[in-house]
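Below is one structure, written out as structure tokens, with a few remarks after it.
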Amino acid sequence: MISPIKIWRRQKEIRKILNKKGKIVVWTKIYTPGSDFKKYAPYPVVLVELENKEKIYGQLVDYEDSDLKTGKKVVSVLRKVRSSSEEGVIAYGVKFKPL
Amino acid sequence: MNHLIGYHTTQFGELWDKSLFDLVEETISGVLKQTKLTNKQIDAVFFGNMLAGVLENNLHSTSKIAEILKVNIPIFRAEAACASGGAAFNLAKTYLEANSNKNVLVVGAEKMTDYSPEQTITALSAAASGEEQEAGLTFPGLYALMANFYLEKYHYTEENLAYVSVKNHFHGSLNSKAHFRRQITVKDVLSSPYVAFPLKVLDSSPISDGASAVILTNNRDLIKKQKNSVTVLASEVVTDTISLKERKQIDEILATKNVADIAFKNAKITRHDIDVAEVHDCFSIAEILAMEDLGFWKKGTGGQKIKEMSTMYGNGGSLIVNTSGGLKAAGHPVGATGIKQIGEIFLQLTGQAEKRQVRNAKYGLSHNVGGSGGTAVVTILAV
């Protein structure tokens, strides 16, 4: 379950990994998601290796299908990642944009 | 030495008229009847289950089993995602090593079809890391990452993966307890819709209900009295990072590699001795990686080897894989899977595998994986 406190705790980590450049290591496109992500499907998820070698997962946004390839350069951005209910706290997190 | 003296499984499938504990009760009574044991002869129970707490708000299942079995003995639940059954079996074996002349019941069960696919997918995601969940990575999504990486690295296509499902559906057609008993073609697999690119519906194991049970004992007098008995040569568990991204290789399950090495060493046999194996094919790619990581096939050759179909029943191969239909066709009630795999090997080694009986099977291996490879269990049995 998502609680506002968990979202607050996670935010402190997210700011450290924003606006970082990296390359796609591997990607997939999800067609059958869990409940919280149903309205975004189908959506691509990429595993990115940042310039400092750290690896981060995120959805790819503002993309063309031709961007879905190994080695594609991307940058991390802050986006809404999920909202559990109409009135629930909105969780923001990291997604990636093609460069 | 620990012996496996009985196995029972319920039908696997969408069993809308049965609850989790209806299934547990059915399989317990089945295995007791088969071994001619009474509830009073059971000294401990180990229960493999993953989702009852998340989906049904239903914990303390151990006490519910005490109520069903009408006993007051030690009962424990093991949870290791899809390896919950294998983990329960390992704990039972370890319990016997510490206690002589005991009979232990191991039950695995899962009830998954009472909920919408989205709800069940979300519940299964509880076994992935927080970051994986936040990125919207489902379990098919994690295995899709492994598949995409593997196909690109070794220049295979989605067709190479499809042969796993074709083989396992053929085996499922020979198993009356399987969820799916329909044979499929490579074309059927390739034309099924995507779940998570490059994996499709027919690359994926289904959401199933089911329960399976085995009885393990180190009571020599009892072993002598039993008609069917196999020896547990090894049962080992290895863990690894919960996050796929923290592992050195995306297209390898290191826990499987390591646990297989330990199990073969302890069993004092080699890979060539194995006649039948049940490997964890939650997705088509998973069987190919399992065959490589268990050491049956060289790394990177699995995509080609599976096309030869030497592991299919009736093709004369020296190792037949997933005669139950695997997770793909027999179904995947997650807590039950690890027990059903061990049970299938028991049936093969004791000549009870009916239409899919592999001739003269002496050694069998079962391989059960939790999450994207955070837990791996290997069990080796001999007759």
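The values are calculated or read from the model by the stated rules, or taken from the named source; none is laboratory data. Worth saying up front: this structure is predicted, and the values here are computed from it rather than measured. Cβ coordinates were reconstructed from backbone atoms using ideal geometry, including for glycine residues, and neighbour counts include every protein chain displayed.
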- line: Of the conditions (1) in the same structural domain as B:THR38 (by TED's automatic domain parsing); (2) of a type in the set (Asp, Glu); (3) farther than 30 Å from B:GLN34 by Cβ, the single one that B:ASP240 does not satisfy is (1)
message: Out of B:GLU131, B:GLU152, B:GLU118, I need the residue that is closer than 30 Å to B:MET309 by Cα and acidic (Asp, Glu). Which one?
response: B:GLU152
task: Kindly indicate whether any position in the range B:246-269 is within 30 Å of A:LYS55 (Cα to Cα), aromatic (Phe, Trp, Tyr) and either modelled with pLDDT of 95 or more or in contact with a strand residue (DSSP E or B) (Cβ under 9 Å, 6 or more places away or on another chain) (or both).
output: no
Of all residues in the range B:128-149 being farther than 15 Å from B:VAL369 by Cβ and hydroxyl-bearing (Ser, Thr, Tyr), the one that is nearest to the other protein chains (Cβ to nearest Cβ): B:THR138
Residue tally, condition touching a Ser or Thr at 6+ places or on another chain (Cβ under 6 Å), assigned to a helix (DSSP H, G or I) and among the polar types (S, T, N, Q), over the range B:90-118: 1
query: of a type in the set (Val, Ile, Thr), free of Cβ contacts under 8 Å to residues at least 12 places away in the same chain and within 13 Å of another protein chain (Cβ to nearest Cβ): does that describe A:THR28?
result: no
task: Within the range B:110-127, identify whether any single residue is closer than 30 Å to B:LEU216 by Cα and within 10 Å of chain A (Cβ to nearest Cβ), and answer yes or no.
output: yes
- prompt: Can you tell me which residue in the range A:42-72 is nearest to the other protein chains (Cβ to nearest Cβ), limited to those that are among the basic types (Lys, Arg) and within 19 Å of B:PRO198 (Cα to Cα)?
  reply: A:LYS69
message: Take the residues in the range B:177-200 that are within 28 Å of B:ALA353 (Cα to Cα) and not in a loop (DSSP other than H, G, I, E, B); name whichever of them is farthest from the other protein chains (Cβ to nearest Cβ).
response: B:VAL186
task: Taking only the range B:210-253 into account, find how many residues are farther than 18 Å from B:ALA127 by Cα and in a helix (DSSP H, G or I).
output: 6
- request: Looking at (1) away from chain B (no Cβ under 13 Å); (2) surrounded by fewer than 18 Cβ atoms within 10 Å (Cβ to Cβ); (3) not small (Gly, Ala, Ser), find the lone condition where A:LYS6 falls short.
  value: (1)
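Need a quick list: helices (runs of 4 or more DSSP H) entirely within the range B:296-383 having at least 2 residues that are among the hydrophobic types (A, V, I, L, M, F, W, C), in the same structural domain as B:PHE264 (by TED's automatic domain parsing) and closer than 28 Å to B:THR94 by Cβ.
B:326-330, B:334-349
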- prompt: Looking at the range B:130-176, which of its residues are among the small types (Gly, Ala, Ser), out of contact with any Phe, Trp or Tyr (no Cβ under 9 Å at 6 or more places or on another chain) and not in a helix (DSSP H, G or I)?
  reply: B:SER176
